[in-house]
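The values are calculated or read from the model by the stated rules, or taken from the named source; none is laboratory data. Everything numeric in this text was worked out from a predicted model, so none of it was measured. A quick note on method: Cβ atoms are made from the backbone with ideal geometry, for glycine too, and the neighbour counts reach across all protein chains shown.
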Amino acid sequence: MQKRWRTAVIGIVMVSVLLAVPLVGCGGDGPEPKNVITIGNITDLTGPAGPALVDLTMGLHDLVRHINEEDPIPGVELKVIDYDDKMDPSRDIPGYEWLRGRGAEVLIAPVEYSATVLKNRAEQDQVPIFCLTASTTLVEDPGWAFCVNNLARWTTLTALKWIGEQWDYSNGVPKIGCIAHTATGGIECNTSLREYCQANPDSFEWVEGFLVPFGTVSWTGEIAKLKDCDYIGLPLLSATSMATFIKDFRNAGHSGQFFTQEALPAFMGFIADSVGYDRVDGAIAGMSTGWWTDSAPVVKMLKDLVETYHPDEAAKVIHSGNGYVGGGIQQYFILEIIRKAAEDAGAGENLTGKAIYDTACNFRLTMEGFTEWGFTSTKRTCLDYVAIYTVSAQQETLVRASDWLPLVQG
């Protein structure tokens, strides 16, 4: 009798358990299922831009982790998949197809040529592309591409205008030269600097500009022509090219100063390790995306993230440049577009690439410490102001040298 009782009790428990399982699986008191939005990150992890973009990619993954765990988008889970294009345009279409095959509904492309190659294909598939650099092609004919930056030539011209405002003209007119790569952005920067100097002969004397292939490390001819320059623009140079030029120019005994846009901050650690802070002391960089020493809350958040998630690597990441922090601010802006799209369209099946595109076309965000960022259906650069930073050898970092300056667009 006792045995049959135990058997009956066990049977009742088993039935209860079996009946309970479907209740949990169907929702019950468990969490509601979330819509997974997959972000395809098509970037350079092992090529010439790797020194900056590896940290930038780390920042993207950390931001997505932070949002999912600490500041979730209601009903949405974010996911990132990376593809290494090695800064080789021939890998962008295969990379796009690989990412799409794994569910990517949104693309981030740190380098503008990837967005240029992919924008028509992305428009057909209704996949918005957010590019962290910009080109004239994307700005004038953007399609489904959004540039979370401004044109490099605008930043370079703004830095040059600031130089003129600081210059003591009792020493004569400053002599200006330029070294840039043969990519579209480099060509545009070189042309804009030359035209600006020639249009303002009382303010600047144009010496010469050189366009060189990626990977250039020999500079004898260029240095001979630029040796008497007061300022030399180094816009959009790769890390190795910039470091070797600075080293050879200083070894030749020349004192001209360097100016650029985000290229120098992006590779600051590499440059400092290669040539020393003393050889770039006073170098000028125009940036819209911030630096580690800024007091803005978003900068503090990113610094906290790298120190929390990567305590053994944080010092190295901070030393390396603005890949993590500057790129992180840009990527935070992109993720906030997705958050707003989830509010506009709902977190369910209506949150598509088209919904994210529609939200991006009218998105505005002002982060404390920054000016307003935003797009329209016709304006596809989101930054309208630049701040000037200079390299301090004494502090071994960049220091803020100006307020926010309106872009010189030319």
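The set of residues in segment 383-410 being under 14 Å from A272 (Cα atoms) and either among the small types (G, A, S) or modelled with pLDDT under 95 (or both) consists of S392, A393.
The numbered conditions (1) among the small types (G, A, S); (2) more than 18 Å from the chain's Cα centre (by Cα); (3) farther than 18 Å from R153 by Cβ are all true for A360 except (2). Take G143 and decide whether it is in contact with a Lys or Arg (Cβ under 6 Å, 6 or more places away or on another chain) and on the phi > 0 side of the Ramachandran plot. For G143, the condition - in contact with a Lys or Arg (Cβ under 6 Å, 6 or more places away or on another chain) and on the phi > 0 side of the Ramachandran plot - is met.
Just the residues that are of a type in the set (V, I, T) and either over 23 Å from L407 (Cβ atoms) or surrounded by fewer than 18 Cβ atoms within 10 Å (Cβ to Cβ) (or both), please, taken from segment 288-309. Walk me through it before giving the result.
Within segment 288-309, the subset of a type in the set (V, I, T) is 289, 293, 298-299, 306, 308.
Correct list: T293, V306, T308.
I want to confirm something. Restricting to segment 268-284 and keeping residues that are of a type in the set (A, V, I, L, M, F, W, C) and either within 24 Å of the chain's Cα centre (by Cα) or in a loop (DSSP other than H, G, I, E, B) (or both), which single residue is surrounded by the fewest Cβ atoms within 10 Å (Cβ to Cβ)? Looking at the filtered set, the residue picked out is F270. K300 fulfils the conditions (1) under 18 Å from the mean Cα position of the chain (by Cα); (2) in contact (Cβ under 8 Å) with a residue 12 or more places away in the chain except for a single criterion, (2).
Of all residues in segment 279-303, count the ones that are over 25 Å from L157 (Cα atoms) and in contact with a helix residue (DSSP H, G or I) (Cβ under 9 Å, 6 or more places away or on another chain).
So the count comes out to 6.
Checked against the criterion of being outside the structural domain of A263 (by TED's automatic domain parsing) and modelled with pLDDT under 95, the candidates L45, L78, L60 yield just one match: L45. Can you confirm whether G103 is at positive phi and at pLDDT 90 or above? So G103 fits the description; yes. Is there a residue in segment 278-285 that is modelled with pLDDT of 95 or more, touching a Ser or Thr at 6+ places or on another chain (Cβ under 8 Å) and at positive phi? Yes, segment 278-285 contains a residue that is modelled with pLDDT of 95 or more, touching a Ser or Thr at 6+ places or on another chain (Cβ under 8 Å) and at positive phi.
Can you name the residue in segment 130-170 that is acidic (D, E) and either at pLDDT below 95 or touching a Pro at 6+ places or on another chain (Cβ under 8 Å) (or both) and is also surrounded by the fewest Cβ atoms within 10 Å (Cβ to Cβ) among such residues? Top of the filtered list is E140.
Residues of segment 212-221 that are over 29 Å from the mean Cα position of the chain (by Cα) and either of a type in the set (S, T, N, Q) or closer than 19 Å to G185 by Cβ (or both): T220 alone. On inspection, P72 passes the criterion of being at pLDDT 95 or above, in a loop (DSSP other than H, G, I, E, B) and either out of contact with any helix residue (DSSP H, G or I) (no Cβ under 8 Å at 6 or more places or on another chain) or outside the structural domain of E343 (by TED's automatic domain parsing) (or both).
Within segment 366-405, the only residue that satisfies the criterion of being closer than 18 Å to T260 by Cα and free of Cβ contacts under 8 Å to residues at least 24 places away in the same chain is D403.
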